[in-house]
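See structure below.
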Amino acid sequence: MQHAVRLTDGRSLAVTDVGSLDGQVVMYLHGAIGAPLECRGDLALAIDTLGLRMLLPQRPGFGGSDPHPNRTLLDFAADLEQVADALDVQRFSVVGVSAGGPYAVACAHRLGERAKAAAVVSSLSPLCAPVDVPGLPRRVRLPLRAIAAAPHTAARLGDAAVALVARQPRLLERAMVLGAPPMDRRHVAEPATRRDTHTAFLAATSSGIGGLIEDHRVTSRPWGFPLDEVRCEVQVWHGMADAFVPADHALHLVAGLPRCRAWFDPGEGHFFFRRRVREILAALVGPVNGEDWNSRRADRHQRGRLSA
């Protein structure tokens, strides 16, 4: 089901609503290229197995969501509170993946008791702006610097690039695996991943690439709150082989958040959320039907997981 939620300032947010209407609610906060339009494969299976209701909002400027110039992380957390009001949701959890991670932490800070828990996967931290990530490949760092220095010019060039990607889907795949480790290359090359990523990107940029550029600028600025004031539990998941967001970011989150649990996997890169989605969501929502699904899987992943 698709919703167009009207906010108090007149803007509209596009929200996909899937799963069980009477299940625990999880808001999925997408990465840099937008939310999936359909929940398929392991994501759909996890939603069904855990009996969840999942809401997938597109951030301002993405797809059917109206722009919100000069917004902050906390502004979007306030938007999600209005989404919850409109859809009659009292309490919910959030999971933020990659560029969605900072927004999930902002929700954990702003929403108080209304946020049950938050999970961040392959997330940035306030350690540094994305362009200043140590070890970031030069071919990735230079475009990010250009976006920061001249966002309007970058938007014009980006819109032309979107048209090219629409005709040549493999270009997006190549951009995603620049400097990536083998496990990420294999994942991005899978036909289902390639199809879903391409579809999500074209939907997110249907009104232009300006929303993606603004989103990058938001996560490049100071977050607007100290980590030690976040009272909600935040669960941190990170691959030690992540080439785009090094594990230093996850360690910074773990060190700064008062209530935190962490899982580090030495065998994973940046794009592992779909492979571990049932484990991540099960840890986020807790026991289902009296059974802790996550604990039953502990032995399988013990060698690759550290808890903090």
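The values are calculated or read from the model by the stated rules, or taken from the named source; none is laboratory data. Computed from a prediction, not measured in an experiment: that's the story for all the values here. Cβ: placed from backbone, ideal geometry, glycine included. Neighbour counts: every protein chain shown. These accessible areas exclude ligands, DNA and RNA; they are computed on the full protein's heavy atoms, side chains included. Shrake-Rupley method; radii C 1.70, N 1.55, O 1.52, S 1.80 Å.
Residues being in a loop (DSSP other than H, G, I, E, B), surrounded by fewer than 18 Cβ atoms within 10 Å (Cβ to Cβ) and at pLDDT below 95: count how many of those fall in the range 247-271.
First, pick out the residues of the range 247-271 that are in a loop (DSSP other than H, G, I, E, B): 257-259, 266-271.
Narrowing further to those that are surrounded by fewer than 18 Cβ atoms within 10 Å (Cβ to Cβ): 258-259, 266-267.
Of the ones still in play, those that are also at pLDDT below 95 are 266-267.
Here the count works out to 2.
Of all residues in the range 15-50, those satisfying the criterion of being farther than 24 Å from HIS270 by Cβ and out of contact with any helix residue (DSSP H, G or I) (no Cβ under 9 Å at 6 or more places or on another chain) are ASP17, LEU21, ASP22, ASP48.
If only residues of the range 107-121 that are closer than 19 Å to ALA262 by Cβ, of a type in the set (Gly, Ala, Ser) and out of contact with any Ser or Thr (no Cβ under 6 Å at 6 or more places or on another chain) are counted, the one that is surrounded by the most Cβ atoms within 10 Å (Cβ to Cβ) is ALA118.
Scanning the range 84-100 for residues that are over 27 Å from LEU253 (Cα atoms) and in contact with a Leu (Cβ under 9 Å, 6 or more places away or on another chain), we see that the one that is least open to solvent (accessible area, probe 1.4 Å) is VAL89. Of the helices (runs of 4 or more DSSP H) entirely within the range 165-244, those holding at least 3 residues that are among the hydrophobic types (A, V, I, L, M, F, W, C) and crowded, with 20+ Cβ neighbours inside 10 Å occupy 191-204.
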